[in-house]
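Notes for the one structure printed next.
The values are calculated or read from the model by the stated rules, or taken from the named source; none is laboratory data. Remember, it's a predicted structure, so these values are computed and weren't measured experimentally. Glycine gets a Cβ as well: all are built from the backbone with ideal geometry, and neighbour counts include every protein chain shown. For the accessible areas, the whole protein counts, side chains as well, though only heavy atoms, and no ligand, DNA or RNA atoms are used. Shrake-Rupley method; radii C 1.70, N 1.55, O 1.52, S 1.80 Å.
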Amino acid sequence: MLGPQNQITLQRPGRQSAAREMQTQSPMRGRQSAIAKRLLLFDIDGTLIHSGGAGVRALKCAFKERFGIDEDLHGIEIAGMTDSGIVVSILNKHKIPPTNENVSAFLDSYVHFLSLELPRRKGKLLPGVLKLLEKLKSRPHVVLALLTGNVSRGARLKLEHYGVWHFFEFGAFADDHHDRNELGRFARARAKEKHRREFAASEIDVIGDTPRDIACGKALGARTVAVATGRWTRDDLARYQPDFLIDDLSDVETIIDTLGW
C-alpha cells in the first residue's frame, strides 16, 4: 500500500482505478491485456531528472554568445515548453526576428553550453526512475519512448549524463514541432514504424510533471499520468484532471500494478 504522501490517485470521477479494473477482468480479457503492447511516453525534465539548472544556465550563456545580451529569463515560461518555443519567446522579448537561422544558431549554442553545464551541476535522477525503467525494459509488451520539449541533442545529453538514455527506443522532440501538443503524432508514427502496428490512443500513456504534459496527452487521446516532482504541486496538477496523479515514481511495484504496466 502507498502511504498518504505517495498516493496514486484516479482523477476523473466515475472511473475505476486500474488496479480494480484488472481485478474485475475475465480470465480471457486478462490474458489479452497481458500480451497487448503499451506505449509509454515520458517527459524528461522534472519527470525523470532534475538537471540542477544546467538547461537554464545554458540558455543564458547561449543568448549571450550569439546576441551579446545578458538575459535573466524573466517573463519567459520554461516548464513544459519546447526548447524551440522558449527560444522564440526570448527572441521576441528582445525584438530579434525569430527566423529559422536565428533559432537554429541559438539552439546550436544552447546544446554546446548544455554539454558543459551538466557535469558542473548537482542534478539527479528522480526517485524511483532507474528501478522503474529497469523493470519496464524487461517487459516485452511495454514500449519505452520519450515525448519531450527538449531538442533531440539536448535530450540525449541529459539522459546519457544520468545513465538512462539507452532505456528509450525513440522519441518525439522539439526538433519535430514547436507546439508540444503536436508531438504525440510524431511519437505515434515512430512507434508504428518501429513496431509495425498502429498504437490506439487507449494503448498510450503520457507521463509528465506539468499541465502541458497533461494537455499533450489529452490532445493525443492518451491516458495521462502526472508526477508531482517538478515545480507544479500535486494540487496544481489536480486542477488539470490527469487520469492518474502520483507524488513520485518511488513505489515502483504499486505503480506498475495500478497502471497495468
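With the whole protein complex present, Arg139 retains an accessible surface near 70 Å², based on a 1.4 Å probe. In order along the stretch 219-234, phi translates into HN-Hα couplings of 4, 7, x, 7, 6, 10, 10, 9, 10, 8, 10, x, 7, 8, 6, 4 Hz, rounded to whole numbers, per the Karplus curve 6.51 cos²θ - 1.76 cosθ + 1.60 with θ = phi - 60° and x for Gly and Pro. Keeping all protein chains in position, work out how much accessible area Phe186 exposes to a 1.4 Å probe, and write it in Å² to the nearest 10. Probe radius 1.4 Å; accessible area of Phe186 about 50 Å².
Backbone geometry of the stretch 130-139 corresponds, through the Karplus equation with coefficients 6.51, -1.76 and 1.60 at θ = phi - 60°, to 3J(HN,Hα) couplings of 4, 4, 5, 5, 4, 5, 5, 5, 7, 9 Hz, x marking Gly and Pro.
Length available on full extension from Lys135 to Lys194: 0.36 nm per residue minus the Cα-Cα distance, which gives 19.1 nm. Phi-derived couplings, Karplus 6.51 cos²θ - 1.76 cosθ + 1.60 at θ = phi - 60°, listed residue by residue for the stretch 82-89: 7, 4, 5, x, 5, 4, 4, 4 Hz, with x used for Gly and Pro. Give me the net charge for the shell around Val129: Cβ to Cβ below 14 angstrom, other residues only, Lys and Arg +1, Asp and Glu -1. Once all neighbours under 14 Å are counted, the net charge is -2. Taking Ser250, Ser84, Ser202 as the candidate residues, the one with maximal mean-square fluctuation in a Gaussian network model of the chain, Cα springs under 10 Å, is Ser202. Structure note, pairs Lys37/Lys218; Lys60/Lys135; Lys93/Lys122: Cα-Cα distances above 28 angstrom occur for Lys60/Lys135; Lys93/Lys122. The stretch 67-89 and the stretch 153-202 have Cα centres lying 23 Å from one another. For the chain, the per residue solvent-accessible surface stands at 48 Å², with DNA, RNA and ligands left out and a 1.4 Å probe. The listed residues Tyr240, Tyr110 rank as Tyr240, Tyr110 when sorted by accessible area, largest first, using a 1.4 Å probe.
Residues His161, His177, sorted by accessible area with the largest first, give His161, His177 [1.4 Å probe; ligands and nucleic acids excluded].
Of Ala215, Ala105, Ala238, the residue with the greatest mean-square motion in the GNM of the chain, using alpha carbon springs below 10 Å, is Ala105. For His141, the amide hydrogen comes within under 5 Å of no other amide hydrogen, counting only partners 5 or more places away or on other chains and with H modelled in the peptide plane.
So, with a 1.4 angstrom probe, what is the percent of accessible area on the stretch 160-261 that is carbon and sulfur? Ligands and nucleic acids excluded, carbon and sulfur reach 44 percent. Taking a straight line from the alpha carbon of Lys192, these aspartates and glutamates sit under 16 Å away, with near neighbours fewer than eight places off in the same chain left out: Glu169, Glu203, Asp205.
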